[in-house]
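K.L.:
My questions will all concern the structure given below.
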Amino acid sequence: MGPLPLGATIGILGDGQLGRMLSQAASRLGFRVAIFGPEAESPAAAVSAVSVVGGYRDEAALKAFAGQCDVITLEFENIPVETVDFLTGLGKVVAPSSRALGITQDRVNEKTFARSNGVDTVDFATIDAETDIAPALERLGAPALLKTRREGYDGKGQVWVKSADEAASAWAAIGGKPAILEARADFVREISVVAARGHDGAVKAFPIGENHHVGGILSTTTAPADVPDALHAEAHDIARKVLNGLDYVGVLAVELFVLKSGGLLLNEIAPRVHNSGHWTQEGCVCDQFEQHMRAVAGWPLGDVTARCRIEMTNLLGDDILSWPALAAEPNARLHVYGKAEPRPGRKMGHINRILS
């Protein structure tokens, strides 16, 4: 695909805060943005030229949306694969592709894909029924983590299983849905790599971020992380294998466990711009949102050099009510998502603090 000209329209499936920041980045590059999502008043629609309201299986609304777009991308991974296929069938370029989504939306498919592309993961078992849990637990060892195969995020849809006696309660806790049981990883740190791949196959990876979670939700990312050069190179190599194996176009994140032995295991792949990449907004020459728009538009990928060290902190729920103090902090920049109601655990914004 050749580079989109200035003034072209990029469509975004999804109308949340990631769509908002993608739209803002696209506007800086001279593009118009059309948002598609279920809400008439949304964080992304508020900053975009066009907003089409509809469900992700509403073919009439999708057709009206597609007619206004030169290329289409997405802001979150749970867009139905059928939606992407429908838009592709209309002759539209959609990046990332439905194949990439189909693999990364399912945790069993994702880990199987990773292993087939030379990327190590924790050991795992497919769980289709409650009766599968006990034999899988015996093989993997206890405790092990039971997760729904699809859609779980921020600690939702998962529960630790400490013994076979807990199989019934664990199965009920995840709603009796198809699942994966993952062996416990003996890790000392959690890191992530945010990287991009263009239509031409060019790949660029940002410096590594070190992540700290609270209650299953990302609390802080510090980047560039203080890691040995060999580990940095290995993590970037994993990101490159994932991008190339998926024939991916755009930005994605790979979340990794750093083991006590010093090795790396893939935890999850996020086929989109990612919370752990927000630090790039103040920390890098080209941030993850601009990089994603460059990739899907067929432009050259931007410079991923870090300008400074950043600590990104998520603002959840009532944290946003401290905005006057946060906005007054020196060497920090506040990002607010434009959501009306600060509910517990809801991502309302983030702040990037310059450390050095």
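K.L.:
Say we look at the stretch 89-139 and pick out the residues that are within 30 Å of ALA66 (Cα to Cα) and among the β-branched types (Val, Ile, Thr); which of these is surrounded by the fewest Cβ atoms within 10 Å (Cβ to Cβ)?
P.N.:
VAL93
K.L.:
Would you point out the residue of the stretch 55-84, among those that are modelled with pLDDT of 95 or more and among the aromatic types (Phe, Trp, Tyr), that is surrounded by the fewest Cβ atoms within 10 Å (Cβ to Cβ)?
P.N.:
Once the filter is applied, the top-ranked residue is TYR56.
K.L.:
Sort through PHE31, PHE36 and tell me the only one that's in contact with an Asp or Glu (Cβ under 8 Å, 6 or more places away or on another chain) and on the phi < 0 side of the Ramachandran plot.
P.N.:
PHE36
K.L.:
Looking only at the stretch 205-213, decide whether some residue is assigned to a strand (DSSP E or B), aliphatic (A, V, I, L, M) and either within 26 Å of LYS156 (Cα to Cα) or modelled with pLDDT of 95 or more (or both).
P.N.:
Yes, some residue in the stretch 205-213 is assigned to a strand (DSSP E or B), aliphatic (A, V, I, L, M) and either within 26 Å of LYS156 (Cα to Cα) or modelled with pLDDT of 95 or more (or both).
K.L.:
Next up: Residues of the stretch 110-154 being part of a loop (DSSP other than H, G, I, E, B), under 28 Å from the mean Cα position of the chain (by Cα) and among the small types (Gly, Ala, Ser), which ones?
P.N.:
Correct list: GLY118, GLY152.
K.L.:
Anything in the stretch 192-211 that is in contact with a strand residue (DSSP E or B) (Cβ under 6 Å, 6 or more places away or on another chain), farther than 18 Å from GLY283 by Cα and surrounded by fewer than 24 Cβ atoms within 10 Å (Cβ to Cβ)? List them, or say none.
P.N.:
Once the filter is applied, which keeps residues that are in contact with a strand residue (DSSP E or B) (Cβ under 6 Å, 6 or more places away or on another chain), farther than 18 Å from GLY283 by Cα and surrounded by fewer than 24 Cβ atoms within 10 Å (Cβ to Cβ), the stretch 192-211 yields only VAL203.
K.L.:
From the list ARG107, ARG99, exactly one residue is within 17 Å of the chain's Cα centre (by Cα), farther than 22 Å from ALA297 by Cβ and modelled with pLDDT of 95 or more. Which is it?
P.N.:
ARG107
K.L.:
Please pick out the residue among ALA167, ALA100 that is closer than 30 Å to LEU62 by Cβ and either in a helix (DSSP H, G or I) or polar (S, T, N, Q) (or both).
P.N.:
From the options ALA167, ALA100, the qualifying one is ALA100.
K.L.:
Also, quick follow-up: Could you list all residues from the stretch 65-113 that are of a type in the set (Phe, Trp, Tyr) and farther than 17 Å from LEU243 by Cβ? Walk me through how you get there before you give the answer.
P.N.:
Taking the stretch 65-113 as the starting set, the residues that turn out to be of a type in the set (Phe, Trp, Tyr) are 65, 76, 86, 113.
Once the filter is applied, which keeps residues that are of a type in the set (Phe, Trp, Tyr) and farther than 17 Å from LEU243 by Cβ, the stretch 65-113 yields PHE65, PHE76, PHE86.
K.L.:
Given the residues VAL52, VAL33, which is the only one that is of a type outside the set (Gly, Ala, Ser), surrounded by fewer than 24 Cβ atoms within 10 Å (Cβ to Cβ) and in a strand (DSSP E or B)?
P.N.:
Every option except VAL52 fails the conditions.
K.L.:
For the condition basic (Lys, Arg), modelled with pLDDT under 95 and farther than 25 Å from VAL273 by Cα, what is the one hit in ARG150, ARG184?
P.N.:
Values: ARG150 fails: farther than 25 Å from VAL273 by Cα.
The match here is ARG184.
K.L.:
Return the total of residues in the stretch 219-239 being in contact with a Gly (Cβ under 8 Å, 6 or more places away or on another chain) and assigned to a strand (DSSP E or B).
P.N.:
Counting residues in the stretch 219-239 that are in contact with a Gly (Cβ under 8 Å, 6 or more places away or on another chain) and assigned to a strand (DSSP E or B) gives 3.
K.L.:
For the structure I just gave you, tell me whether GLY175 is without any contact (Cβ under 8 Å) to a residue 40 or more places away in the chain and assigned to a loop (DSSP other than H, G, I, E, B). Write out each step before concluding.
P.N.:
Details: without any contact (Cβ under 8 Å) to a residue 40 or more places away in the chain: yes; assigned to a loop (DSSP other than H, G, I, E, B): yes.
So GLY175 fits the description; yes.
K.L.:
Here is a further query. Which condition from (1) within 24 Å of ASN352 (Cα to Cα); (2) outside the structural domain of ALA297 (by TED's automatic domain parsing) is the one that ALA179 breaks?
P.N.:
(1)
K.L.:
Applying the selection to the stretch 153-181, what residues are of a type in the set (Gly, Ala, Ser) and modelled with pLDDT under 95?
P.N.:
Within the stretch 153-181, GLY155, GLY157, SER163, ALA164, ALA167, ALA168, SER169, ALA170, ALA172, ALA173, GLY175, GLY176 meet the criteria.
The values are calculated or read from the model by the stated rules, or taken from the named source; none is laboratory data. The shown structure was predicted, so the numbers you read here are calculated from the model rather than taken from an experiment. Positions of Cβ are generated from backbone atoms using ideal geometry, with glycine treated the same way; all protein chains shown enter the neighbour counts.
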